[in-house]
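One structure is given below, encoded as structure tokens.
The values are calculated or read from the model by the stated rules, or taken from the named source; none is laboratory data. The model shown is predicted, which means the values in this text are computed figures rather than measured ones. No Cβ is skipped: glycine too gets one built from the backbone with ideal geometry, and neighbour counts run over all protein chains shown. Ligands, DNA and RNA are excluded from the accessible area calculation, which covers all protein heavy atoms including side chains. Shrake-Rupley method; radii C 1.70, N 1.55, O 1.52, S 1.80 Å.
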Amino acid sequence: MNRYRALRRVAALSGALVALVAAAQGSAATVRPALPTVIGPHETEDPAPVFRFRSRGAARFACAFDSTRLRRCAARYSKRLTPGRHVLRVQAVGATGLRSRVRTHVVVVATPLLLFSFPGQIVAESTGSLLVAETGGRIVRVNPAAGTTSVVTPVTSPFGLAISPSGTVYFSDDNALRRLDPGGAISTVATFSSDVGPLAVTRSGDVYATTSGRIYRLPGGNVPAEPYVGTDVPGDLEARISAPHGLAVAPDGALLISDTGNGRLRRVEPSSHVIRTIATIEAPYGVAVGPDGLVYLSSVTSDRVLRLDASGSVTPFVTGLRSPSSIAFDSAGVLYVTEGNSPLARIWRVGRDGTAAPLRGRASR
């Protein structure tokens, strides 16, 4: 009798267990997959960013960019996107076809940075374009508005650049000063005993060219190259200039020299031809005169561009740059600053309020 009751109890428990399993299976068949998790960037310069999806209970996924019509996609998803803001929508799909709620993920694809290989001097053309000497072996034209670049000419090792009032481009190439006329023809103007650095051109067309410790003047851009200022130059223009990396001509005709090795900004008076120090700066590099008539100077080690006012006071104009080197103003008063000593250097566009942004675009070279 007791054995019979025990068998009935076991049968009852087995039936209950079967019922529980069936209920659980039925319940699982009606459970939706969890809301997907999206792993991927919100901001990127990669035109084809990669995203990964996860969801508990998902057998597959459906997704789409900038559309509500979702299509089947893998748990690892990538698509080439245009620059701008895009919305990714993702839905998990269970084994029975039940779908989760839709997860949205916003990603902004930035236009790529324009990068340059060890840029030397930068100058602005009257058209608004820029010329950059890449010491790796070419002169590049940059259209900041369109974000495009093109090779003007391949050369050996350019550094200095200057444009005459007639549109002739002068550039230094190792120990030579060369000329690129508006028609594209290149000729050698003069050669020197050492490499030629930054250049400057006056309103009358005189060209200044630097070597390691001396600056030469070429009247009208032609030989002979006359020693103008620097080491072992006779008279009041004798000065120990060390590794100058910037030249500019002030509105009154004075020559401004960034004496990098000595940490000084020097000025050569146009009438008396006396050279004097007008500011002491840590590692000065590029120098330019702004539309306000003030002198601007980059400091390559302090990562900023400084402004020298009429009283001689030096104040920061823009900070937070990386190794700012050559600088130039365009005709609209916009300042452009190169980064130096890098094969992937940027050029910064600086507004009149000191706000800086790197140039972006698609290199067409």
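Can you show me the helix-derived [θ] at 222 nm for the chain, built from DSSP H runs with n ≥ 4 at -39,500 (n - 2.57) apiece and divided by the number of residues, rounded to the nearest 500.
-3000 deg cm²/dmol
Amide H of Tyr228 versus every other amide H placed in the peptide plane: which residues, excluding those fewer than 5 positions away on the same chain, fall under 5 Å?
Amide H to amide H, under 5 Å and 5 or more residues apart or across chains, Tyr228 pairs with Ile215, Tyr216, Arg217.
Could you sort Arg267, Arg178 by accessible area so the largest value comes first, with the probe set to 1.4 Å? Write out the running numbers ahead of the final one.
Numbers: Arg267 40, Arg178 65 Å².
So the residues, ranked largest to smallest area, are Arg178, Arg267.
Tell me, what HN-Hα J-couplings in whole Hz come from the Karplus equation 6.51 cos²θ - 1.76 cosθ + 1.60 at θ = phi - 60° for each residue of region 151-165, using x for Gly and Pro?
Once θ is set to phi - 60°, the couplings for region 151-165 become 7, 7, 6, x, 9, 6, 8, x, 9, x, 9, 7, 10, 7, x Hz.
If I compute solvent accessible area with a 1.4 Å probe over the protein chains, what percent of it on region 177-217 is carbon and sulfur?
On the way: 760 of 1790 Å².
Within region 177-217, the accessible surface is 43 percent carbon and sulfur.
How much FRET efficiency would the formula 1/(1 + (r/R0)^6) give for Asn341 and Leu98, where r is the Cβ-Cβ distance and R0 is 45 Å, rounded to 0.05?
Details: r = 59 Å, r/R0 = 1.31.
Efficiency computed from Cβ-Cβ geometry: 0.15.
Take the alpha-carbon centre of region 172-231, take the same for region 100-123, and report the distance between them in whole Å.
After rounding, the separation between the Cα centres reads 38 Å.
Near Arg32, within a Cβ-to-Cβ distance under 11 Å, what is the net charge of the other residues, with Lys and Arg +1 and Asp and Glu -1?
On the way: positive: Arg56, Arg99, Arg101; negative: none.
Around Arg32, the surrounding residues sum to +3.
I'd like the antiparallel share, as a percent to the nearest 5, of DSSP beta bridges with both residues in region 172-303. Before the final figure, lay out each step's value.
On the way: 36 of 37 bridges.
So the antiparallel bridges in region 172-303 amount to around 95 percent.
Please work out the FRET efficiency for the pair Ser150 and Thr68, using the Cβ-Cβ distance as r and a Förster radius of 45 Å; give the result to the nearest 0.05.
It comes to 0.60.
Output the antiparallel fraction of DSSP beta bridges having both residues in the chain, as a percent to the nearest 5. Display every interim value, and only then the final one.
On the way: 104 of 107 bridges.
Antiparallel bridges: around 95 percent, rounded to the nearest 5.
Tilt of helix 2-29 relative to the longest C-alpha principal axis of the chain, in degrees (0 to 90, nearest 10)?
It works out to around 30 degrees.
Hey, can you grab everything whose amide H is under 5 Å from the amide H of Leu306? Only 5+ residues off in sequence or another chain; H modelled, so Pro and N-termini drop out.
Those qualifying (amide H under 5 Å, at least 5 residues apart or on another chain) are Leu297, Ser298, Ser299, Phe317.
Through the Karplus equation 6.51 cos²θ - 1.76 cosθ + 1.60, θ set to phi - 60°, convert the phi angles of region 179-189 into ³J(HN,Hα) values in whole Hz; use x for Gly and Pro.
10, 10, 7, x, x, x, 7, 10, 9, 8, 8
Once the Cβ-Cβ distance between Ala59 and Ile39 is put in as r, and R0 is 25 Å, what FRET efficiency do you end up with, to the nearest 0.05? Walk me through the numbers before you get to the answer.
Working: r = 19 Å, r/R0 = 0.76.
Rounded to the nearest 0.05, the efficiency is 0.85.
Could you tally the net charge around Tyr285, taking each other residue with its Cβ under 12 Å from the Cβ of Tyr285, Lys/Arg +1 and Asp/Glu -1? Each step should come with its number before you reach the end.
Details: positive: Arg304; negative: Asp259, Glu282, Asp303, Glu339.
Net local charge, Tyr285 excluded: -3.
What ³J(HN,Hα) values, in whole Hz, does the Karplus curve 6.51 cos²θ - 1.76 cosθ + 1.60 give for region 101-111 when θ = phi - 60°, with x put for Gly and Pro?
Rounded to whole hertz, the list is 5, 8, 9, 10, 9, 9, 10, 10, 9, 7, 5.
Taking the alpha-carbon centroid of each part, what is the distance from region 28-92 to region 236-273 in angstrom?
60
Scan around Ile281 for amide H atoms under 5 Å from its own, H built in the peptide plane at 1.01 Å from N, and keep only partners 5 or more places away or cross-chain.
Here Arg264, Leu265 satisfy the definition.
First compute the accessible area of region 265-365 with a 1.4 Å probe, then give the percent of it belonging to carbon and sulfur atoms.
Details: 2170 of 4500 Å².
Answer for region 265-365 is 48 percent, counting heavy atoms of protein chains only.
Please check which bits of region 238-272 a label hung off Glu226 would reach, taking the label as a point 7 Å along Cα-to-C-beta and the cut-off as backbone N under 15 Å.
Backbone N within reach: 238, 255, 269-272.
State the label only: which of [x] 40.8, 125; [y] 33.3, 133; [z] 19.8, 58 corresponds to Rg and Dmax of the Cα atoms in Å computed from the shown model?
Derived directly from the coordinates: [y].
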